[in-house]
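**Q** Structure provided below as structure tokens; questions to follow.
Each reported figure results from applying straightforward, stated rules to the coordinates on display, with no laboratory input. Note that the structure is predicted; figures quoted are calculated from it, not measured. As a convention, Cβ positions derive from the backbone with ideal geometry for all residues, glycine included, and neighbour counts pool all protein chains shown.
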């Protein structure tokens, strides 16, 4: 995010006491992180943060463009914001705005349009808009500036953005166009933010980025060590009772040999999001993914040999151009072969500026929908099998809240399972050893030891 010291100084002049702001965030954890940065900026200026279904003076839609559905949802929430707030300021920011500034700017509901690189200028542009009520748009080249959060101790888990952008040009993916090339955050900044969060009471730090596996590749010298493990190593050496979680790793960047390096860090959770996208080696090649089915399974087997309970979630695409019945069967069989903790299914979506949009053999909408439903069912079965294997085990749970339906404490284990158990609310924010006993909702029920 391009949040410079100068822009921060200009924001001090914004008269905002008594004003309200609402946020709606679509898409990835990086978007969520950047929304939180803006929440803090507006709060520092005197804005009160209200729910997205309430009337607000400023309504912020942090958009996503990874699929056509993401674009459509972004437009829907923009229109909904205007309906809720006829006299408010509606700002559309982020990836959809970056990729389609004219389309977003043409929407009569939108007052301010900001791309991925200029989100940090939003308070400044809100102040300018209040003076003359003229629509504003700012879409610029991508910045290598990163901002830090200054959250208080009221939560248990914090995200730390360590990287932005991606250099891997997968045939279907628009993200390199929406986010730019890979940029890494300086290690000293990451460590400083981590220390502040640990001192603030946070027990889990989640390292996130568009492609965190590329960390350091943009500024390391040839032959020098780089990769997300360099940051994990640095944070692992910090004092304090906390754990580290990696949001995701890309098999286009890492392999089985690489993930073995992660086993050395005792504070790192045995949990990864590892996108497969297809179980067919032929389709993976067409997607321009730098691995095949066996390479991917080699990573999984390496993780599970180290720890049979290693939690692995994944993404998979239904209906990539040219996907045959045999290719689709390969995807289904992969979900049967690996007990994933969670499977996210996406229908292939044509994105402008990507090679896949013009590929022959486009799969019909009806067939994509049918295949997606089968993958969802297979993914649910896969997740159920993973949970069944974890019954009766003792886990370290970090309770975050009281579940509103059951009244039980709710939190995540080290390997990413959601667990519910009876206990005092005062336990939230502390590690609790829990023995799992039975399936419950989207996870497992257990007993505190």
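**Q** Select from 214, 408, 197 the residue whose mean-square fluctuation is largest in a Gaussian network model of the chain (Cα-Cα springs shorter than 10 Å).
**A** 408
**Q** Counting helices only, and only those DSSP H runs with n ≥ 4, report the 222 nm mean residue ellipticity of the chain as the sum of -39,500 (n - 2.57) divided by its residues, in deg cm²/dmol to the nearest 500. Don't jump to the answer; show the numbers that get you there.
**A** Values: 14 runs with 152 residues, N = 449.
Rounded to the nearest 500, it is -10000 deg cm²/dmol.
**Q** Please tell me the relative contact order of segment 157-390 in percent, rounded to the nearest whole number, where contacts are Cα pairs under 8 Å and at least six residues apart. Before the final figure, lay out each step's value.
**A** On the way: 417 pairs, mean separation 40.9, N = 234.
Relative contact order for segment 157-390 comes out at 17 percent.
**Q** Taking 0.36 nm per intervening residue step and subtracting the Cα-Cα distance, what contour gain separates residue 438 from residue 301 on full extension? Show your work: numbers first, answer last.
**A** Numbers: separation 137, 0.36 × 137 = 49.32 nm, distance 2.64 nm.
Going from the current span to full extension adds 46.7 nm.
**Q** I've got another one for you. Grab the Cα-Cα distance for residue 49 and residue 234, subtract it from 0.36 nm times how many residues apart they are, and report the gain in nm with one decimal.
**A** Working: separation 185, 0.36 × 185 = 66.60 nm, distance 3.46 nm.
Length difference between fully extended and current span is 63.1 nm.
**Q** On to the next question. Order of 247-255, 425-433, 276-284 by packing, highest average Cβ count within 10 Å first?
**A** Values: 247-255: 21.0, 425-433: 15.3, 276-284: 22.7.
Packing order, densest peptide first, comes out as 276-284, 247-255, 425-433.
**Q** While we're here: Averaging sequence separations of C-alpha pairs under 8 Å and six or more residues apart, then dividing by the length of the chain, give the relative contact order as a whole percent.
**A** Numbers: 929 pairs, mean separation 45.6, N = 449.
Contact order relative to length: 10 percent.
**Q** Still on this structure, I have one more. Name the most mobile residue of 369, 106, 158, meaning the one with the largest mean-square fluctuation, in a Gaussian network model of the chain with Cα contacts below 10 Å.
**A** Per the Cα network of the chain with a 10 Å cutoff, 106 tops the list.
**Q** Next question. Contact order normalised by length for segment 35-137, with contacts defined as Cα pairs under 8 Å and 6 or more residues apart; what percent is it?
**A** Details: 144 pairs, mean separation 23.3, N = 103.
After rounding, I find 23 percent.
**Q** Moving to a separate point now. Among the DSSP beta bridges whose two residues both lie in the chain, what percent are antiparallel, rounded to the nearest 5? Please report the intermediate quantities before stating the final value.
**A** Numbers: 20 of 63 bridges.
The antiparallel fraction comes to roughly 30 percent.
**Q** Further, regarding this structure: Identify which of 132, 339, 298 has the largest mean-square fluctuation in a Gaussian network model of the chain, with springs joining Cα atoms closer than 10 Å.
**A** 132
**Q** Continuing with the same structure: Label-point separation (nm) for residue 384 and residue 353, each offset 7 Å from Cα along Cα-to-Cβ?
**A** Taking the two extended label points, one gets 4.2 nm.
**Q** To continue, here is another question. Report, in whole Å, the centroid distance computed from the Cα atoms of segment 80-144 and segment 366-410.
**A** Using only Cα atoms to place each centre, the spacing works out to 37 Å.
**Q** Could I ask something else about it? Fully extended, how many nm does the chain gain between residue 188 and residue 447 (0.36 nm per residue separation, minus their Cα-Cα distance)?
**A** Details: separation 259, 0.36 × 259 = 93.24 nm, distance 4.02 nm.
My answer for the length gained is 89.2 nm.
**Q** Can you compute the FRET efficiency between residue 217 and residue 195 using 1/(1 + (r/R0)^6), with r the Cβ-Cβ distance and R0 = 30 Å? Round to the nearest 0.05.
**A** Details: r = 25 Å, r/R0 = 0.83.
In this case the efficiency is close to 0.75.
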